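The values are calculated or read from the model by the stated rules, or taken from the named source; none is laboratory data. Note that the coordinates shown come from a computational prediction; the quantities given were computed from them, not determined experimentally. Neighbour counts run over all protein chains shown; Cβ positions are idealised from the backbone, glycine included. We work out accessible area using only protein heavy atoms, side chains counted, and drop any ligands, DNA or RNA first. Shrake-Rupley method; radii C 1.70, N 1.55, O 1.52, S 1.80 Å.
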Amino acid sequence: MTSPAPLTALGRTVEFADGTTAQLRYSLGALALLEQRHGGIDGVLKTFEEVDGTDSLSGVVIGPMLELIGAGLTGSGGFVPHFTERVTPVREETPDGRKTTRDVREITAVRYVRASDRRELGDLLDLRNFDKLVEAMTGAFAEAFPQGEAEAPAGATVTEVTLPDTFRGTSSTTSAPSPSAAVTAPSGT
């Protein structure tokens with residue numbers, strides 16, 4: 001049996017304009033953050049395709065790229081997301097005629113700040129390395145979604161394990177009810 005592929009990969013190294021580096025890695029937390037911002041994994045994939053398919057800095061590329069890279073740098077990469085939100089009061093009338101107000105919150109921007117020195121990600125990235133950034137970003141993202149199981153290393157001993165049918169869900173048994181499950185007469189009046 002082959003060993004399963006890891007859920008998340010070690011990522012790629014990103015070099016910043018100040019000469020420092022960090023690991024770009026799409027952990028489950030980073031993926032969840034992107035899902036929330038882009039309306040699910042399909043929205044995240046669409047954004048990756050838009051950035052990765054761009055040969056130049058034309059169109060809307062910088063903002064989405066900063067979000068994608070920033071999410072991958074949260075956690076072990078040392079960056080923290082800072083959210084800007086807009087709160088809009090919504091007035092509603094209930095079925096019984098009462099008027100209520102509730103707040104609707106909308107995230108309008110996310111900035112990623114390095115925890116060690118409070119510098120923003122946008123200030124640390126050098127767009128002269130645009131191709132390297134996109135390559136690191138898409139490579140780390142591809143590593144986070146492995147295709148199937150990883151192959152066993154050459155020369156490794158492979159052991160096939162046969163599972164009994166009960167683990168496959170193909171058979172089940174039930175036993176007779178226990179005496180404690182018998183109906184008892186109610187007590188009291």
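The set of residues in region 77-135 being under 20 Å from the mean Cα position of the chain (by Cα) and aromatic (Phe, Trp, Tyr) consists of PHE79, PHE83, TYR112. Of the strands (runs of 3 or more DSSP E) lying entirely inside region 1-111, those containing at least 1 residues that are within 17 Å of GLU143 (Cα to Cα), among the hydroxyl-bearing types (Ser, Thr, Tyr) and at pLDDT 85 or above are 12-15. Within region 87-136, the set of residues being hydrophobic (A, V, I, L, M, F, W, C) and in contact (Cβ under 8 Å) with a residue 60 or more places away in the chain comprises ILE107, VAL110, LEU124, LEU125, LEU127, PHE130, LEU133, VAL134, ALA136. Kindly indicate whether GLU93 is open to solvent by 40 Å² or more (accessible area, probe 1.4 Å) and over 24 Å from VAL44 (Cα atoms). Yes; evaluated as a whole, the condition is true for this residue.
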